[in-house]
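> Sharing a structure, written as structure tokens. Questions coming.
The values are calculated or read from the model by the stated rules, or taken from the named source; none is laboratory data. This one's a predicted model, so the numbers in the text were calculated from it and none came from an experiment. As a convention, Cβ positions derive from the backbone with ideal geometry for all residues, glycine included, and neighbour counts pool all protein chains shown.
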């Protein structure tokens, strides 16, 4: 029996520690294709304020003081590993930035661009060295300017809103857009409009049943879209002894899977909902995410490619 495997992950949200693990994953798990699908950038900037020989910052709800160069470097590493962007400044500039929030956005965009360019360069080196093809696409949290960074690589492939062959018998169909979220992120659409986008995308597929559907939003009403219920201040609601949960996935994604029954469907977006579920004959997966702890979570999908490709197994992995 001829076997082909692919490693799937996403939602690393700028975490340098998770990304460094990603660079080793393809070779470690002995796959030739690594799919990184959505939510690549970090959640924000942590200013480190320089006052004389001392540096201070607020991180993870704690006030941090650094008095040596090594302590500063360790703090920067901790911030980067957790997926944020460190920025060394002084009290005068901080006061200016507070009055000019558009300049804060510019600094964050520069930091995002720098880290993405560094990541692409490292994936290109891994591809040359290890013979691994990286498919890297944006998610709803990612600003649109990162698409041009992904597209500029001649080695790393941006599969967003395309149908691409990743094996001679398997195509990859990718969409990083989601249904609306409470955070009003960059790539959101009402479900009726998202369904139109997905229908247009499926038309690019010669045979949808031979595709892996890589859709960032999980299908509504499954084990893959369950998240804590939030109050009007975007804080988790409290229940009698437990946090209440609700389904927050996309009805459009569910409809497109029900209609076209792809080979498999793989999702992210809802970090707490790692697992698998089934819609008709199609198995659907969510790798989940623990990027804030530097944990890389992924899924290895295995196919029999003797004749027509058939999904045969999955393995959830983390480290």
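> Condition first: surrounded by 18 or more Cβ atoms within 10 Å (Cβ to Cβ), assigned to a helix (DSSP H, G or I) and touching a helix residue (DSSP H, G or I) at 6+ places or on another chain (Cβ under 6 Å). Now tell me which residues in segment 120-133 satisfy that.
Residue satisfying the conditions is 126 alone.
> Turning to a different aspect of this structure: Working only within segment 84-104, note down all residues that are at pLDDT 95 or above and in contact with a helix residue (DSSP H, G or I) (Cβ under 7 Å, 6 or more places away or on another chain).
85, 86, 87
> Scan segment 177-194 and report the pairs whose first residue is closer than 20 Å to residue 147 by Cβ and whose second residue is assigned to a helix (DSSP H, G or I), with Cβ atoms within less than 7 Å and a gap of 6+ or a chain change.
Close Cβ pairs (under 7 Å, with a partner that is assigned to a helix (DSSP H, G or I)) amount to 177/194; 177/197; 189/197; 194/252.
> Which one is farthest from the chain's Cα centre (by Cα), of the residues in segment 192-209 that are crowded, with 20+ Cβ neighbours inside 10 Å and over 12 Å from residue 163 (Cα atoms)?
195
> May I pose another question? Quick check on segment 138-146. Is at least one of its residues touching a strand residue (DSSP E or B) at 6+ places or on another chain (Cβ under 7 Å) and either within 24 Å of residue 30 (Cα to Cα) or at pLDDT below 95 (or both)?
No: zero hits.
> For segment 233-284, list the strands (runs of 3 or more DSSP E) that sit wholly inside it and hold at least 2 residues that are within 17 Å of the chain's Cα centre (by Cα) and either closer than 27 Å to residue 201 by Cβ or modelled with pLDDT of 95 or more (or both); which are they?
Result: 264-267.
> How do the strands (runs of 3 or more DSSP E) wholly within segment 42-99 filter down when requiring 2 or more residues that are touching a residue at least 12 places away in the same chain (Cβ under 8 Å), surrounded by 15 or more Cβ atoms within 10 Å (Cβ to Cβ) and under 23 Å from the mean Cα position of the chain (by Cα): which remain?
The strands (runs of 3 or more DSSP E) meeting that bar are 45-51, 85-89.
> Can you confirm whether segment 176-186 contains a residue that is under 24 Å from residue 43 (Cα atoms), in a strand (DSSP E or B) and under 16 Å from the mean Cα position of the chain (by Cα)?
Scanning segment 176-186, I find at least one residue that is under 24 Å from residue 43 (Cα atoms), in a strand (DSSP E or B) and under 16 Å from the mean Cα position of the chain (by Cα), so the answer is yes.
> Report whether or not residue 299 is buried (at least 19 other Cβ atoms within 10 Å of the Cβ), touching a residue at least 60 places away in the same chain (Cβ under 8 Å) and in a helix (DSSP H, G or I).
No; evaluated as a whole, the condition is false for this residue.
> Return the residue satisfying two criteria in turn: it lies in segment 138-175 and is part of a strand (DSSP E or B) and without any contact (Cβ under 8 Å) to a residue 24 or more places away in the chain, and of such residues it is nearest to residue 208 (Cα to Cα).
Among those that are part of a strand (DSSP E or B) and without any contact (Cβ under 8 Å) to a residue 24 or more places away in the chain, it is 165.
> Restricting to segment 206-222, and then to whatever is in contact with a helix residue (DSSP H, G or I) (Cβ under 8 Å, 6 or more places away or on another chain) and part of a loop (DSSP other than H, G, I, E, B), can you tell me which residue is nearest to residue 39 (Cα to Cα)?
Selected residue: 217.
> While we're looking at this one, here's another question. If you go through segment 32-41 one residue at a time, how many are assigned to a strand (DSSP E or B) and within 30 Å of residue 95 (Cβ to Cβ)?
Count: 0.
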